[in-house]
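Here is the structure we will look at, set down as structure tokens.
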Amino acid sequence: MTKEVRTVEFVVLPTSKAKARKMFQIAGACRYVWNHFREKNLADYQAFVNGKGGRPRTSYFSLGVEFTRLRHETSWLRELPANPIKYTLKYFADALKEAMVGKKGFPKPRSRKRTTPGFTLPSKENFAIKKLDRKYSLLRVPLVGWVKMTRKGGNPYEDGTPKQVVLRHDGHRWRVFVFYEVEVARRPDDGEFLGVDMNVRQVATSDGHFYFLPDLEKKERRRKRYQRRMARQIKGSNRRKDTKKKLAKVSRKIANIRKNWVHKTTREVAERCGTIVVEDLKVKNMTASARGTVENPGKNVKQKTGLNREMLDTAFGELRRNLEYKCGRLIEVNPAYTSQTCSECGHTDRENRKSQARFLCVDCGFVSNADTNAAMNIRRLGMAQLHGEKRSGIKQTSKTREIDTRTPYG
Ligand SMILES: [Zn+2]
């Protein structure tokens, strides 16, 4: 048995206006504190980057000391709960640290309009959770009091220990992410390997299973229509606001359908086998953009750049991240030629792939679904990599992870 962190997402039922106002107040204070510390640290950071100053003190601890001083001087801040607001500086310290080592740019300001309102209740002293009945639970938020929340299918980890709570407003409702520490039995290593070929709209496994994303075409068309309509409308007009609401709604629906599909698919895949082999996404995305489709090499190249590329990245990333914690062991392999190589005889040839769906080996005549064939190649590569593990030093899933507070709206 090992201890792991599992996230359970609830939605908050409509509350009284007073409670809603208080939740937004806390979120607003977090934004204020972030921006305040950002301004304060910007000059120091720039001096440091230009070699004109020492390394600024950027630990959560030293920022926390500053925060206590600020809170003491600011009366409206004093009336709000300290811990959730102070915890913003944990995220800020992390972002600053990444900027210092040159991994990312200096943290961006948080805006009232563009940033998702949210805050974190960092430890169990800051919240309480009570089960009301099969359908509803209560969450105690500092200042706000008890709010009622629910989750479709109930709470799968209600016996776990809640460690932290993140609240976010998705533009429509407040969502609650509870991080539970749970005891999980590791899936015993059965010596079996399953190769997984990931595509934007489907996942294929080496044993011939397919998982298709529900058809989103209608919704995506509607989203495009609203986007175009909004671009035409006058800023600040009521019609534009109306369109914006509709756009947000359909975007939310698409995101939810995707999210549910990812969860369901990865759970089913992970349950089937001890070791899962996937493609290395960094390499996959690089090749996917330049390759286009089989019939029209380079055709989709333009579409896959820009925003679309970003969507691709997150779609694969989510699948991978979910598989990683659900399966016993995850191995990543280089996906080069997995779609052109015959999984029967190993013959690699562009001609092998007759169409997007069909694989026919020009050497041995092996016929298969193209994605299944790719998944079989991925499986074989994974086995080879594991057996030569000491030499190649492959990446493996780490079982002890920090609480991952990234949420779909973060
Ligand atoms: Zn062959």
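Spherically averaged projected area of the convex hull of Cα atoms, segment 181-285: 10.2 nm².
Obtain the radius of gyration and the Kirkwood radius of segment 143-196 from its C-alpha atoms and give Rg over Rh. Mind showing how you got there, number by number?
Details: Rg = 16.8 Å, Rh = 14.7 Å.
For segment 143-196, the value is 1.14.
With respect to the cross-link table entries Lys113/Lys148; Lys97/Lys131; Lys135/Lys219, which display a Cα-Cα separation exceeding 31 Å? As for pairs spanning more than 31 Å Cα to Cα, those are Lys97/Lys131.
Of the residues Gly236, Tyr180, Ala29, the one whose Cα sits farthest toward the positive end of the charge dipole of the chain, with +1 on the Cβ of Lys and Arg and -1 on the Cβ of Asp and Glu, is Gly236. Spin-label pair Glu4-Glu183: with each label point 7 Å from Cα along the Cα-Cβ axis, the two points sit 1.6 nm from one another. The stretch between Gln356 and Lys241 holds 37.2 nm of extra length on full extension. This uses 0.36 nm per residue minus the Cα-Cα distance. The alpha-carbon of Lys103 sits under 14 angstrom from the alpha-carbons of these aspartates and glutamates, leaving out residues fewer than 8 places away in its chain: Asp94.
Taking only DSSP H segments of four or more residues, each worth -39500 (n - 2.57), what value at 222 nm results for the chain once the sum is divided by all its residues, to the nearest 500 deg cm²/dmol?
Details: 10 runs with 175 residues, N = 410.
Mean residue ellipticity at 222 nm (helix-derived): -14500 deg cm²/dmol.
Put a dot 7 Å past the Cα of Thr150, heading toward its Cβ, do the same for His209, and the two dots end up 3.1 nm apart.
Binning all Cα-Cα separations of the chain at 10 Å, short to long from zero, yields these whole-percent fractions: 4, 17, 25, 26, 19, 8, 2, 0. Principal axis extents of the C-alpha atoms in segment 20-113 (largest first, rounded to whole Å): 44, 28, 17.
Each Lys and Arg Cβ is given +1 and each Asp and Glu Cβ -1; about its Cα centre, the chain then shows a dipole of about 3100 debye.
The simple spin-label model puts a point 7 Å past each Cα toward its Cβ; for Ile234 and Val200 those points are separated by 3.7 nm. Cys residues of the chain that find no other Cys beta carbon under 4.7 Å: Cys30, Cys273, Cys327.
Values in this text are rule-based calculations from the coordinates and carry no lab data. Only a predicted model underlies this, so the values are computations on that prediction, with no experimental measurement involved. Positions of Cβ are generated from backbone atoms using ideal geometry, with glycine treated the same way; all protein chains shown enter the neighbour counts.
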